[in-house]
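Nothing in this text is a laboratory measurement; each read-out follows from the coordinates by a stated rule. Since the structure is predicted, the reported quantities are computational estimates derived from the model, not experimental observations. For neighbour counting, all protein chains shown are included, and Cβ atoms are generated from backbone atoms with ideal geometry for every residue, glycine included.
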Amino acid sequence: MKHLFILIAVLALYSCETKERKQIETEVPNTEITTSNNAFAKAKPELKEGRYNVAFLIMDGTYNTELTAPFDIFQHTQYRENIKQMNVFTVANTLNPIRTFEGMYLLPDFDYTAPDLPNIDILVVPSAEHHLDTDLDDEVMINFVKKVDQNALYMTSHCDGAFVLAKAGLLDGKVSTTFPSDIDKMRDTFPQLDIRKEVLFVHDGKYITSAGGAKSFEAALYLAEHLYGAEIARSLAGGLVIDWKLNEVPHLIVE
C-alpha cells in the first residue's frame, strides 16, 4: 500500500508539470526570433567621444573578408596612443541577425532606418552577394548612403561595394575601381564613370574604392596612413602580421 501511495504522488507531480509546460507553451508561442528575445539581445556598442565613428554597412550576403579586413584595421586603432582612435560598428536595415555569404551570422549594432543612428564620419561598404543586381534597387539603402555622404569625411568601398557608391551617384566625376573581374560590368552599368583596372585601390576626394578581397586590408591601411602617418599604419599592419609598404601597392591618388 505504501508503494501505491508513492506511485500516485509521482504521477500527480508529473501531470502538474506537464500541464504547466503546456500552459507556458500556449502563452508564449514559437514566434520569429528578434532582438527582443534574450537569446539574441545585444547591447549597443559604447561610442567614445573624440573618436571617428566608422560604420560598416552589412546585409544578407555580405562577404566576410571585405567586412572583417577593414574592421580589424580600424578597430586596432583603439590600442594606439596619441591618435584620434576609431569607434567601429555595424549598421543594417534591421537588428535581427544577418547571414554573410560564407554563412556567418552577425548581429547589427544599429538599424539605419531607426532614429538612434549615431553620426557617421567614415562609411565602409563591403561587398555583398547582390550588389550587382537587386541591392541596387533598394531605395532605402541607397538613400541612406546618400544621406551619410552629406556629412561623412570619407566614403569607402571594397570589391563590389563600389556599385553601391556609384548607384548613389557619389562616384560621378571621380576615379574609382572595383573587383577586377567586375570592372567591365561596372563600366557597362555606369558608363559615365572613370573606372581603373591596373590598381588595387583609388583615392579621389573623400572616396576610396578598392579591389576587395585580401586587398581590403591594404586599402584600410592606406586610409590609416592617410589619417595617422606611416608609422602608425606600419604598427597596425604589424599587429596583424601584414608587411605594409604603400609604395609597393599599385594604387592611384587623385590630387
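Quick notes on this structure:
- For the listed peptides 46-54, 230-238, a ranking on the average number of other beta carbons within 10 Å per residue, highest first, reads 230-238, 46-54.
- Peptides 189-196, 153-160, ordered by how many other C-beta atoms sit within 10 Å of their residues on average, highest first, read 153-160, 189-196.
- Debye, to nearest 20: dipole size of region 52-254, +1 on Lys, Arg Cβ, -1 on Asp, Glu Cβ: 480 debye
- Value of relative contact order over region 52-254, rounded to a whole percent, pairs C-alpha under 8 Å and six or more apart: 20 percent
- Radius, Kirkwood style, for region 52-254 when every pair of distinct Cα atoms is counted (Å): 16.7 Å
- When each of the peptides 201-208, 91-98 is scored by the mean number of other C-beta atoms lying within 10 Å of its residues, the order from highest to lowest reads 201-208, 91-98.
- For region 49-118 and region 173-222, distance of Cα centres in Å: 21 Å
- In a fully extended conformation the segment linking residue 139 and residue 188 would gain 15.5 nm over its present Cα-Cα distance, using 0.36 nm per residue.
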